[in-house]
Amino acid sequence: GDSVTQMEGPVTLSEEAFLTINCTYTATGYPSLFWYVQYPGEGLQLLLKATKADDKGSNKGFEATYRKETTSFHLEKGSVQVSDSAVYFCALSDRGGATNKLIFGTGTLLAVQP
Amino acid sequence: SAVISQKPSRDICQRGTSLTIQCQVDSQVTMMFWYRQQPGQSLTLIATANQGSEATYESGFVIDKFPISRPNLTFSTLTVSNLSPEDSSIYLCSVEDRGTPYGYTFGSGTRLTVV
């Protein structure tokens, strides 16, 4: 079945460092891809999304490009801040199924130090 | 985008009891999803709830343990029955949000601790 694999954390960076969190997927159809963020003590928030190959999602300085040839959707940010410390989840939407349910990766904890 | 009110935000329950979690959406939605997030883990879909029909459960989840109601297009409940410490998790409801195309909105979650 469809699945998402993302790099294990925690990822610890200094402020202003470059961030990459790797995400690859397996899907039989043409899924939509998402990054969600969970700040400490809060619920899940949509960070960005892409619905087709070569689409780039972007928000709050974060970017991710839907790469069909490598089945990847890596999250990047050029300069992280302490406030970016959170758990990041890569997910895909099972659009080939009867319901558009989300399938999540295991999450990557990002800790940014001042 | 849709706004979801989820209650309670947290609870501590005794073994063998049940907890019912409510999700209220400020707009009509066809499908609502219930997820479980065990400590330090990712989100796992429990079931999908359509209004007027039985919920569809994922592998490993059964109706007797996780009964769901969906009486109308803006409301759903998830009950976690016969609680054991292994049920200690965060439970979240979600809707496919037409206000944000291909996006999904989540409730703030219910943190359940079973003692």
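Couple of notes before you dig in:
- Taking other residues whose beta carbon is less than 13 angstrom from the beta carbon of B:S94, and scoring Lys, Arg as +1 and Asp, Glu as -1, yields 0.
- Cα pair distances in chain A, grouped into 10 Å bins until the bin that holds the longest one, percent each: 15, 49, 29, 7, 0
- Environment charge at B:I4 (Cβ cut-off 10 Å; Lys +1, Arg +1, Asp -1, Glu -1): -2
- Prolate/oblate/rounded call for chain B, Cα gyration tensor, a/c under 1.5 rounded: prolate
- Contact order normalised by residue count of chain B, Cα under 8 Å, 6+ apart, percent: 37 percent
- Measuring nothing but how far apart in sequence close Cα pairs (under 8 Å, 6+ apart) lie, relative to its length, region A:3-47 scores a relative contact order of 32 percent.
Readers should treat all values here as calculations from the given coordinates under stated rules, not as data from a laboratory. Computed from a prediction, not measured in an experiment: that's the story for all the values here. Note that each Cβ is placed from the backbone with ideal geometry, even for glycine, and that neighbours are counted across all protein chains shown.
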